[in-house]
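Enquirer: Here's a structure for you.
The values are calculated or read from the model by the stated rules, or taken from the named source; none is laboratory data. Worth saying up front: this structure is predicted, and the values here are computed from it rather than measured. Cβ placement follows ideal geometry from the backbone for every residue including glycine, while neighbour counts extend to all protein chains displayed.
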Amino acid sequence: MSLPCDVEVCDRESRHGSRSGYCHAHEQRKRRGKPMDTPILDRRLVGWPDCHVEGCDRRSESKTGARAKFCPVHTNQIRRGEEPHTARVHGRYKVCQVPGCDQPFRSSKLCNRHDTRRKMYSLDVDTFIEMVLRPCAICGSYEKPSIDHDHSCCPGEKSCGKCVRGTLCGSCNLGLGAFKDDPARIVRAAEYLCS
């Protein structure tokens with residue numbers, strides 16, 4: 001049978017098998033020499049507060065205590081000795097700059113997915129955005145743009161950036177991959193189709 005915590009303002013049960021008669025939280029307080037007369041908040045019932053910096057829409061780092069004032073980004077700014085400010089947090093871009101993508105951006109103006117693709121091809125942000133907006137170089141389609149590179153320079157998925165050839169739709173990119181980027185095979189395939 002559990003007994004209530006010996007601290008009057010506490011409505012928790014004393015710790016099972018505890019000789020002190022305190023709940024776990026008050027045992028910790030006593031061990032650390034902290035005041036015992038203040039109630040202990042149940043973090044699950046306390047709402048997560050907003051960051052105190054004007055214009056920041058993030059939640060604070062903690063539900064209670066000193067870290068309940070600022071979000072992790074502004075807490076780090078304060079630790080570095082900076083005045084907390086929102087320009088560093090949001091900048092001019094709040095969503096990915098690739099048209100049609102509404103995901104939150106990273107520091108590079110692109111969402112995680114687009115930034116990962118950009119890094120695979122070693123492209124700068126503006127070049128990447130311009131390439132994914134181009135039509136397919138073979139069929140002119142705008143569906144599922146893929147960046148094509150010369151696999152003889154960089155075998156595999158990643159590219160050095162110097163061997164990027166252009167933008168292809170998913171189908172044309174798969175087709176070129178099936179022909180192993182061999183122009184002679186593609187010519188023979190075209191001759192076969194025309195015969």
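Enquirer: Of everything in the range 56-77, what is modelled with pLDDT under 80 and part of a loop (DSSP other than H, G, I, E, B)? Give them in sequence order.
Expert: CYS56, ASP57, ARG58, GLU61, SER62, LYS63, THR64, GLY65 - these are the residues of the range 56-77 that are modelled with pLDDT under 80 and part of a loop (DSSP other than H, G, I, E, B).
Enquirer: PRO135 passes all but one of (1) at pLDDT 90 or above; (2) assigned to a helix (DSSP H, G or I); which number fails?
Expert: Every listed condition holds for PRO135 apart from (2).
Enquirer: When the range 111-147 is examined, which residues are found to be polar (S, T, N, Q) and in contact (Cβ under 8 Å) with a residue 12 or more places away in the chain?
Expert: Within the range 111-147, SER122, SER141, SER146 qualify.
Enquirer: Has the range 78-100 got any residue that is modelled with pLDDT of 80 or more, outside any loop (DSSP other than H, G, I, E, B) and buried (at least 16 other Cβ atoms within 10 Å of the Cβ)?
Expert: no
Enquirer: Kindly indicate which of GLU157, GLU143, GLU130 is in a helix (DSSP H, G or I), more than 30 Å from CYS56 (Cβ to Cβ) and charged (D, E, K, R).
Expert: GLU130 is the lone residue from the list that is in a helix (DSSP H, G or I), more than 30 Å from CYS56 (Cβ to Cβ) and charged (D, E, K, R).
Enquirer: Quickly run through the range 154-175 and pick out the residues that are exposed (fewer than 12 other Cβ atoms within 10 Å of the Cβ) and more than 25 Å from GLY100 (Cα to Cα).
Expert: PRO155, GLY156, LYS162
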